[in-house]
Amino acid sequence: RRYLRIVGLCLACGFCSLLYAFSQLAVSLEEGAGGGRPQAAAASWLAGGGRGAGNAGRPGRYSLKAQPVEKMHLAVVACGERLEETVTMLKSALIFSIKPLQFHIFAEDQLHDSFKDRLDSWSFLQRFHYTLYPITFPSDSAVEWRKLFKPCASQRLFLPLILKEVDSLLYVDTDILFLRPVDDIWSLLKKFNSTQIAAMAPEHEEPRIGWYNRFARHPYYGKTGVNSGVMLMNMTRMRGAHFKNDMTTAQLQWGDLLMPLLKKYKLNITWGDQDLLNIMFFHNPEKLFVFPCQWNYRPDHCIYGSNCQGAEEEGVFVLHGNRGVYHDDKQPAFRAVYEALRNIALQDRGWVDQ
């Protein structure tokens, strides 16, 4: 009877152990499957001081079975003296983001080697990839597009036609700084309804100081227009969509609409490609998702008093230092943030201040 009691106790303990093991396995599978939590393979980058794949050897609860993590696509166009500004923007994206990044860098040929030198020195991170592209416009109108507004700025209009294999893309100007993970603005893609193809922020929050509503000589979106310095795009939808316009009763696709718009409004637009985007979404407002001003915070939001309510309540998520404020003394706060990020050196032991 004593032996039977011992055998029974052993069986009971073994059964409880099995139950515990199965419960832990179920929890691991549930966490690994998603539920809105970042995968361990992605989260380990931040936990390890930004070293990314350098921490791959550490044992993880479910790292060996982690599913592939979604890659975020970020595009920028750099010409002239914009190398340092662009590198600082890319650095801010890397420092704050969780999921892997794919950089699409459109730059003048003479800048390619400098970009390669800087970005290859970050290769230890193994949390990003990049591709360099030349500046290209349709051959029959390249001169017109290149001269429109700032050099190369109009390249952004052709991204859906060039990056044909990319489904979604975040375009930013070179003078953008991320103060929140790119993952956060990337998640806004899931908030698009069935007709929306792109997202931008308003040009102004306060109509009394708005540019479009006071000076524009062409149609523009909403009450104050939109700013294209930060533009989130579902490019699959953009390539397949048809757009209403004021040139023909037929709806045109993206690639067929650009040149006719330029020809009609060339003498009336001031801000180049941004004005063309405003005209497009004036006629097709249902295709635009408008995100709050803290995702594209510019000097206009604070130069005549604070007029970005979202930033007051939640802080600035994306800083846009247009009009060269990173490089003069007109906006000291903007310049201080830029210089702090510019002076961070990415090294294989984490971030250090130069």
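The values are calculated or read from the model by the stated rules, or taken from the named source; none is laboratory data. The model shown is predicted, which means the values in this text are computed figures rather than measured ones. Don't worry about glycine lacking a Cβ; one is built from the backbone with ideal geometry, like all the others, and counts go over all protein chains shown. Accessible surface is based on the protein model in full, side chains and every heavy atom, while ligands, DNA and RNA are left aside. Shrake-Rupley method; radii C 1.70, N 1.55, O 1.52, S 1.80 Å.
Give, in nm to one decimal, the length gained when the segment between Lys71 and Arg118 is fully stretched (0.36 nm per residue of separation minus the Cα-Cα distance).
Working: separation 47, 0.36 × 47 = 16.92 nm, distance 2.15 nm.
Separation in residues times 0.36 nm, less the Cα-Cα distance, equals 14.8 nm.
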> How do Arg127, Arg335 rank by accessible surface area computed with a 1.4 Å probe, from largest to smallest?
Replying inline: Arg335, Arg127
> Across region 269-277, in residue order, what do the Karplus-derived ³J(HN,Hα) couplings come to in whole Hz, using 6.51 cos²θ - 1.76 cosθ + 1.60 with θ = phi - 60° and x for Gly and Pro?
Replying inline: 9, 10, 9, x, 4, 4, 5, 5, 5
>> Which one, Trp271, Gly229, Leu346, projects farthest toward the positive side of the charge dipole computed for region 213-352 from Cβ point charges (K/R +1, D/E -1)?
In response: Trp271
>> For the pair Ala142/Lys263, report the inter-label distance in nm, with labels modelled 7 Å from Cα in the Cβ direction.
In response: 2.1
> Lys266: which lysines have alpha carbons under 21 Å from its alpha carbon, excluding same-chain residues fewer than 8 sequence positions away?
Replying inline: Lys147, Lys150, Lys244
> Full extension from Glu84 to Lys190: what is 0.36 nm times the residue separation minus their Cα-Cα distance, to one decimal in nm?
Replying inline: 34.9 nm
> With each pseudo-label sitting 7 Å past Cα toward Cβ, what's the Lys164-Phe215 distance in nm, one decimal?
Replying inline: 4.0
> Nearest 20 debye, what's the magnitude of the dipole of region 181-231 about its Cα centre given +1 on Lys and Arg Cβ and -1 on Asp and Glu Cβ?
Replying inline: 260
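I'd like to check one number: the per residue accessible area of region 178-311, probe 1.4 Å, reported in Å² as a whole number. Can you show the working numbers first?
On the way: 5570 Å² over 134 residues.
So region 178-311 comes to 42 Å² accessible per residue, rounded to a whole number.
Multiply the residue gap between Ala250 and Arg208 by 0.36 nm, knock off their C-alpha separation, and tell me the result in nm, one decimal place. Mind showing how you got there, number by number?
Details: separation 42, 0.36 × 42 = 15.12 nm, distance 3.64 nm.
In short, 11.5 nm is gained.
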> Local charge sum around Gly210 (other residues, Cβ-Cβ under 11 Å, Lys/Arg +1, Asp/Glu -1)?
Replying inline: -1
>> With unit charges on the beta carbons (Lys and Arg positive, Asp and Glu negative) and the dipole taken about the Cα centre of region 90-192, which residue among Trp145, Leu189, Pro134 sits farthest to the positive side?
In response: Leu189
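Let's see if you can work this out: charge +1 on each Lys and Arg Cβ, -1 on each Asp and Glu Cβ, no other charges. What is the dipole magnitude of region 99-154 about its Cα centre, in debye to the nearest 20?
Values: 7 positive and 7 negative charges, 63 e Å.
Using only the charged Cβ atoms, the result is roughly 300 debye.
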>> To make sure I understand the rule: partners must be lysines, Cα under 17 Å from the Cα of Lys223, and not fewer than 8 residues away in the same chain. Which ones qualify?
In response: Lys287
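Given charges of +1 on the Cβ of Lys and Arg and -1 on the Cβ of Asp and Glu, with all other atoms neutral, how large is the dipole of region 227-353 about its Cα centre, in debye to the nearest 20?
Numbers: 13 positive and 14 negative charges, 113 e Å.
Rounded to the nearest 20 debye, it is 540 debye.
Quick one: net charge of Lys190's neighbours, Cβ under 12 Å, K/R +1, D/E -1?
Numbers: positive: Lys191; negative: Glu70, Asp183, Asp184.
Result for the neighbourhood of Lys190: -2.
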>> Just to verify a number: FRET efficiency for Thr131 and Asp109, C-beta to C-beta distance, R0 = 25 Å, to 0.05?
In response: 0.95
> Setting aside same-chain residues fewer than 8 positions from Lys191, which aspartates and glutamates have a Cα under 20 Å from its Cα?
Replying inline: Glu70, Asp167, Asp183, Glu286, Glu314
